[in-house]
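Working notes for the structure below.
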Amino acid sequence: MFEIFICEDDINLQFFLEDEVRKITEEHNWKVKSLNFFNSLEKVPVSKTSFGSEQLYIFHIDVYNYHKILESCSLLRLKNPVASIIFLTQDVSLMELIFHAKVSALDCIKFSKKNLMIDQLENCLVFILDRVMMLKNIDFYFILKLKTGTIHMPFDDILYFETSDPHRITLHTKYTDIQIYSTLNKICEADRRLFRCHRSYAINCDCIDFFSKKEGMLYLINGDMCPVSKNKISSLLEILENK
């Protein structure tokens, strides 16, 4: 289910956006978990976002706030690389700054005629919906349902999972580390491509650089190391031989 976060300090625009987003989502039968409005950037929960492609952030950006908004979007990207970001602006000169900020915005919609703006917004929302449905159906994506949301990400981006404590796991990806509340058993059940090399580690075997049998240690492509239990060595060697 989608979570939508809109940062807009103009109350009239808030009402306008709320009406239009509700119309679009209802017309396309979106299941929206929450539609949240914030009148200041500080209230937008970018640092506490759940990880997944079913989060959409819409920011009204202008010459007075663009520095802070782009900084917040950079933080958001670290926490959730696959969330969607849309900017609304009256100043087209900001589009180049947005591009160079490398926050992977889906679109930057200019305030102009309302009908044109609504069409652009609807096109973005339909694109997001189509992309999420694609992610759910393509085998090379990793999908994990959590109490706080659902993780959708390319399986190739995963390096390994590491137990932090009995109920908390660190997901190490090629781009960032993510803390999730789950267990390795549930994670490995969610995707059989993961290999449980140790009671505290599950790895993506495609990210192995080499294995030292003498050390009982896996070296991954990013330089990280994962231990291998003795009773897992023969299974690991078989996997490596068939790669």
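Computed values, structure above
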item	result
Subset of segment 209-243 (residues that are touching a helix residue (DSSP H, G or I) at 6+ places or on another chain (Cβ under 7 Å) and in a strand (DSSP E or B))	F211, L220
Filter pass, K23 being within 24 Å of the chain's Cα centre (by Cα) and of a type outside the set (A, V, I, L, M, F, W, C)	no
Complete set of residues in segment 137-179 that are closer than 25 Å to K31 by Cβ and of a type in the set (K, R)	K145, K147
Residues satisfying the stated conditions in segment 191-208, i.e. part of a helix (DSSP H, G or I) and surrounded by 15 or more Cβ atoms within 10 Å (Cβ to Cβ)	C205, C207
Subset of segment 1-20 [of a type in the set (A, V, I, L, M, F, W, C) and either under 23 Å from the mean Cα position of the chain (by Cα) or at positive phi (or both)]	M1, F2, I4, F5, I6, C7
Some residue of segment 62-80 being assigned by TED's automatic domain parsing to the domain that holds S40, in contact (Cβ under 8 Å) with a residue 40 or more places away in the chain, surrounded by fewer than 17 Cβ atoms within 10 Å (Cβ to Cβ) and out of contact with any Leu (no Cβ under 6 Å at 6 or more places or on another chain)	yes
Residue within segment 25-44 that is basic (K, R) and either surrounded by 21 or more Cβ atoms within 10 Å (Cβ to Cβ) or not in a helix (DSSP H, G or I) (or both) present	yes
Those residues of segment 69-89 which are in contact with a strand residue (DSSP E or B) (Cβ under 7 Å, 6 or more places away or on another chain) and either within 21 Å of V126 (Cα to Cα) or of a type outside the set (V, I, T) (or both), in sequence order	C73, L76, N80, V82, A83, S84, I85, I86, F87, L88, T89
Selection from segment 166-178 of residues that are part of a strand (DSSP E or B) and either closer than 20 Å to C207 by Cβ or acidic (D, E) (or both)	I169, T170, L171, H172, T173, D177, I178
The lone exception for I6 - which of (1) free of Cβ contacts under 8 Å to residues at least 40 places away in the same chain; (2) assigned to a strand (DSSP E or B) it fails	(1)
Failed item in (1) surrounded by 14 or more Cβ atoms within 10 Å (Cβ to Cβ); (2) modelled with pLDDT of 85 or more; (3) in contact with a Ser or Thr (Cβ under 8 Å, 6 or more places away or on another chain), with G149 passing the rest	(2)
Tally, over segment 201-242, of residues that are closer than 16 Å to E162 by Cα and in contact with a Pro (Cβ under 8 Å, 6 or more places away or on another chain)	3
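One line per residue, one yes/no per condition, for (1) closer than 23 Å to D9 by Cα; (2) modelled with pLDDT of 85 or more; (3) surrounded by 14 or more Cβ atoms within 10 Å (Cβ to Cβ):
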residue	(1), (2), (3)
T89	yes, yes, yes
H100	no, no, no
L106	yes, no, yes
M117	yes, no, yes
F127	no, yes, no
M134	no, no, no
N137	no, no, no
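The values are calculated or read from the model by the stated rules, or taken from the named source; none is laboratory data. Just so we're clear, the structure is a prediction, and the values are computed from it rather than from any experiment. Every residue, glycine among them, receives a Cβ derived from its backbone with ideal geometry; neighbour counts consider all protein chains shown.
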